[in-house]
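**Q** I'd like to ask some things about the structure below.
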Amino acid sequence: MTLEVTLTGTGVPHSAPGRAGPGTLVRAGGVTLQFDAGRGTVLRLADVGVRVGALDALLVTHVHSDHVSAVADLLLTRWVEGRVTGSGPLDVVCPVGATARFLDRVLDPYDEDIALRIAHVGGEPPVVAATSFVAGPEPVRVWAAPGGAVEVSAVAVHHEPAEAVAYRVDSDDGAVVVSGDTRVCAEVEALCVGVDLLVHEACRRTALAGAVAGTVFETIFSYHADTVELGAMAERAGVPHLVLTHLIPAPRDPSEAAGFEEDVRAGGYTGRVTVGEDLASFTFGAH
Ligand SMILES: [Zn+2]
Ligand SMILES: [Zn+2]
């Protein structure tokens with residue numbers, strides 16, 4: 001068995017070539033888990049040979065549209081393909097509150113389509129099998145594979161006013177934390193102890209402070225993870241490999257990508273850094 005982590009999207013609400021919306025695929029211990037479903041997620045999964053019917057669970061960090069805009073696509077694709085593949089409802093896991101309310105309604109706008117398809121070829125409507133949890137500063141277990149070989153826990157993070165969570169996957173072959181959107185925070189730092197990989201959102205707030213002063217971007221940047229602070233945090237937590245995703249601003253060339261790494265080095269990080277690209281993949285426990 002291995003733990004394999006694949007970036008299904010490294011983008012943000014602003015569109016950028018080659019960058020699908022936020023998402024991270026984790027395959028471990030025979031289970032396949034998708035974290036967030038931003039624009040293009042279904043196609044990115046197809047790019048790596050994962051049909052949505054093969055997912056065991058979708059875990060959502062928060063309700064911001066860039067993280068959920070492909071949820072309906074994913075559920076409807078699974079439903080339509082399920083007539084052939086036999087895949088049933090997907091476990092959907094999210095924090096209580098706005099995210100759970102969104103997921104309860106996510107297929108409502110498609111009721112006409114669903115009715116038409118059932119009238120045409122029969123079958124039952126798709127079911128959103130959502131489970132919501134109360135997140136706090138201490139990790140809570142939110143999902144486990146049958147037999148418990150893979151477990152997912154969550155903590156509340158700091159992306160206020162949005163209620164958001166980070167997730168950690170533990171398996172026999174390794175552990176990974178997926179930050180979702182958050183400022184650099186003690187909760188993620190604690191969650192990272194002992195992990196093999198940290199997939200963290202990244203914003204060049206320090207480097208661009210002068211350029212965005214007095215603009216809306218100054219406010220937007222304030223609830224994202226400054227790359228310099230992130231480097232310091234990852235070093236304190238002993239993270240061996242830091243993968244930057246949800247890149248703000250999306251790098252347009254190698255030198256702009258290198259700026260992200262320079263920031264985390266300026267923060268004191270000495271481990272391995274990857275500035276994320278869509279479909280970048282990392283494998284642990286392969287022997
Ligand atoms: Zn967000
Ligand atoms: Zn976001």
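**Q** Work from the charge dipole of the chain (Cβ charges, +1 for Lys and Arg, -1 for Asp and Glu, about the Cα centre) and give the residue of ALA115, HIS224, VAL177 farthest towards its positive end.
**A** Among ALA115, HIS224, VAL177, the one farthest towards the positive end of the dipole of the chain is ALA115.
**Q** Tell me the relative contact order for the stretch 164-287 as a rounded percent, counting alpha carbon contacts under 8 Å between residues six or more apart.
**A** Here the relative contact order equals 26 percent.
**Q** Could you pull the Cα extents of the stretch 2-285 along its three principal axes, largest to smallest, in whole Å?
**A** Principal extents (largest minus smallest coordinate, Cα): 59, 43, 34 Å.
**Q** Now a separate question. Which whole-number percentage describes the relative contact order of the stretch 39-158, with Cα contacts under 8 Å and a sequence gap of 6 or more?
**A** Rounded, it is 22 percent for the stretch 39-158.
**Q** Here is a follow-up. Have a look at HIS241, HIS14, HIS120 and tell me which one the Gaussian network model of the chain (Cα, springs below 10 Å) gives the largest fluctuation.
**A** HIS120
**Q** Specify the residue with the greatest mean-square fluctuation among TYR223, TYR110, TYR269, computed from a Gaussian network of the chain linking alpha-carbon atoms under 10 Å apart.
**A** TYR110
**Q** In nanometres, what is the gap between the two model label sites at ARG83 and VAL140, each 7 Å from Cα along Cα-to-Cβ?
**A** Once both label points are built, they end up 3.9 nm from each other.
**Q** Note the full-extension length gain between SER255 and SER15 as 0.36 nm times their separation in residues minus their Cα-Cα distance, in nm to one decimal.
**A** 84.4 nm
**Q** Here's something else I'd like to know. What shape does the stretch 1-147 have by the C-alpha gyration tensor, where a ≥ b ≥ c are the square roots of the eigenvalues, rounded means a/c under 1.5, and otherwise prolate means a/b greater than b/c and oblate the rest?
**A** Because its axes are fairly even, with a/c under 1.5, the stretch 1-147 counts as rounded.
**Q** Express as a percent, rounded to the nearest 5, the fraction of DSSP beta bridges in the stretch 2-285 (both residues included) that run antiparallel.
**A** 55 percent
**Q** Once Lys and Arg get +1 and Asp and Glu get -1 on their Cβ, which of TYR269, THR245, THR85 lies farthest toward the positive end of the dipole of the chain?
**A** With unit charges placed on the Cβ atoms, the residue in question is THR85.
**Q** Over what distance in Å are the Cα centres of the stretch 202-252 and the stretch 128-177 separated?
**A** The distance from the Cα centre of the stretch 202-252 to that of the stretch 128-177 comes to 23 Å.
**Q** Pairs of Cα atoms under 8 Å, at least six residues apart: use those to get the relative contact order of the chain, whole percent.
**A** So the answer I get is 18 percent.
**Q** Just subtract the alpha-carbon distance of VAL128 and SER65 from 0.36 nm times their residue separation and send over the number in nm, one decimal.
**A** Length gained between VAL128 and SER65: 20.9 nm.
**Q** Using alpha carbons only, how many degrees (0 to 90, rounded to 10) separate the axis of helix 111-121 from the longest principal axis of the chain?
**A** With both axes taken from Cα atoms, the answer is about 40 degrees.
**Q** Hey, another quick one. Can you give the charge dipole size of the stretch 158-237 about its Cα centre, rounded to the nearest 20 debye, using +1 on the beta carbon of Lys and Arg and -1 on the beta carbon of Asp and Glu?
**A** 340 debye
**Q** Treating the angle as unsigned and between 0 and 90°, give the value, to the nearest 10°, between the Cα long axis of helix 227-237 and the longest Cα principal axis of the chain.
**A** Around 90 degrees separate the two axes.
**Q** What angle do you read, to the nearest 10 degrees and between 0 and 90, between the alpha-carbon axis of helix 254-266 and the longest principal axis of the chain?
**A** Tilt relative to the chain: about 60 degrees.
**Q** Take the alpha carbon gyration tensor of the stretch 139-192, find the square roots of its eigenvalues, order them as a ≥ b ≥ c, and report rounded if a/c is under 1.5; if not, report prolate when a/b exceeds b/c, else oblate.
**A** In terms of gyration-tensor shape, prolate.
**Q** Please identify, among VAL92, VAL68, VAL128, the residue showing maximal mean-square fluctuation in a Gaussian network model of the chain using a 10 angstrom Cα cutoff.
**A** VAL128
**Q** Distance in nm between label sites at ARG105 and ALA213, each 7 Å beyond Cα in the beta-carbon direction?
**A** 4.1 nm
**Q** Could you give the size of the charge dipole of the chain about its Cα centre, using +1 on the Cβ of each K and R and -1 on the Cβ of each D and E, expressed in debye and rounded to the nearest 20? List each step's numbers first, then the result.
**A** Numbers: 19 positive and 37 negative charges, 52 e Å.
Dipole size: approximately 240 debye.
**Q** Would you tally the net charge around CYS203, using a Cβ to Cβ cut-off of less than 13 Å, leaving CYS203 out, and scoring K and R as +1, D and E as -1?
**A** Local charge sum for CYS203: -3.
**Q** Please list, in chain and number order, the residues 5+ apart from LEU197 or on another chain whose amide H is under 5 Å from its amide H, with Hs placed from the backbone.
**A** ALA175, VAL177
Read-outs throughout are calculated quantities, based only on the coordinates presented, and are distinct from any laboratory measurement. Predicted model, so just to flag it, every value in this text is computed and none were measured. Don't worry about glycine lacking a Cβ; one is built from the backbone with ideal geometry, like all the others, and counts go over all protein chains shown.
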